[in-house]
Amino acid sequence: MALHCPECGFTNAEGSNYCQRCGSFIGQQEAPSADSQTATYRVGETGDFIPVDVNAVVDAKGAALVIRSGGGRTGESFPLEGDRQTIGRRPDADIFLDDVTVSRDHAMLVHRSDEWYLDDLGSLNGTYVNRQRIDSHRLDDGDEMQVGKYKLTFLSRG
C-alpha cells in the first residue's frame, strides 16, 4: 500500500517513514481516537503561539477556519469576521498562506445570507472543498478545504 505525504501529497513506497519529495514524517502512526483534537493556536504580536479554544471562537464569532496540515502551521485558526476575507500568498491577505502553491489572490470567503461561501479567484492550482475543485461553494460545518498545499477545516455553529 502506497503512503501519501500529509504535507505535499507525494505518493511514497510502502514502509517509508519520510516523504521522498519534502522530507515530512509519514511513518505509521496510530489512527486518532474519536475524542482526539488538533491543538489550535494563534500567533501573537511577538510571534509566540497562544492557545485557542476553537469552540469558544466558533461560538463567539459563528465560524472559523483551522489549518489541519501544510506549511508547518497545523492548528492555527482564523475566526471569520465581516462580509469578506481574502485567502492568498499576498502578505496583506486576511488569511496569509505563504507558499508557491498558493496564488497571491487565491480565494475569498464571502458571507451571504447568513452563510459562508468559498469563491476561487482564478487561482492556478485551484481551490478544493471535500476533494472537489470548486469555483464557488457554500460551506457547511466540517467541510475540508484545500488551498495549495494547505488543508483547512471550516467550523461553524450557524
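State which residue is nearest to the chain's Cα centre (by Cα) when the search covers only region 144-158 and only residues that are under 22 Å from LEU124 (Cβ atoms) and not polar (S, T, N, Q).
The selected residue is LEU152.
Scan region 97-110 residue by residue and report those that are modelled with pLDDT of 95 or more, within 20 Å of VAL66 (Cβ to Cβ) and open to solvent by 30 Å² or more (accessible area, probe 1.4 Å).
Once the filter is applied, which keeps residues that are modelled with pLDDT of 95 or more, within 20 Å of VAL66 (Cβ to Cβ) and open to solvent by 30 Å² or more (accessible area, probe 1.4 Å), region 97-110 yields only MET108.
Among the numbered conditions (1) touching a residue at least 24 places away in the same chain (Cβ under 8 Å); (2) touching a Phe, Trp or Tyr at 6+ places or on another chain (Cβ under 9 Å); (3) closer than 25 Å to SER24 by Cβ; (4) not charged (D, E, K, R), tell me where VAL129 comes up short.
Result: VAL129 passes all but (1).
Within region 130-142, how many residues turn out to be modelled with pLDDT of 95 or more and open to solvent by less than 50 Å² (accessible area, probe 1.4 Å)?
The total comes to 2.
Which condition number does SER77 fail, the rest of (1) open to solvent by less than 30 Å² (accessible area, probe 1.4 Å); (2) at pLDDT below 95; (3) of a type outside the set (Asp, Glu); (4) part of a loop (DSSP other than H, G, I, E, B) being met?
(4)
The values are calculated or read from the model by the stated rules, or taken from the named source; none is laboratory data. Quick caveat, the model's predicted, so the values are computed rather than measured. Cβ: placed from backbone, ideal geometry, glycine included. Neighbour counts: every protein chain shown. What goes into the accessible areas is simple: the full protein's heavy atoms, side chains included, and nothing from ligands, DNA or RNA. Shrake-Rupley method; radii C 1.70, N 1.55, O 1.52, S 1.80 Å.
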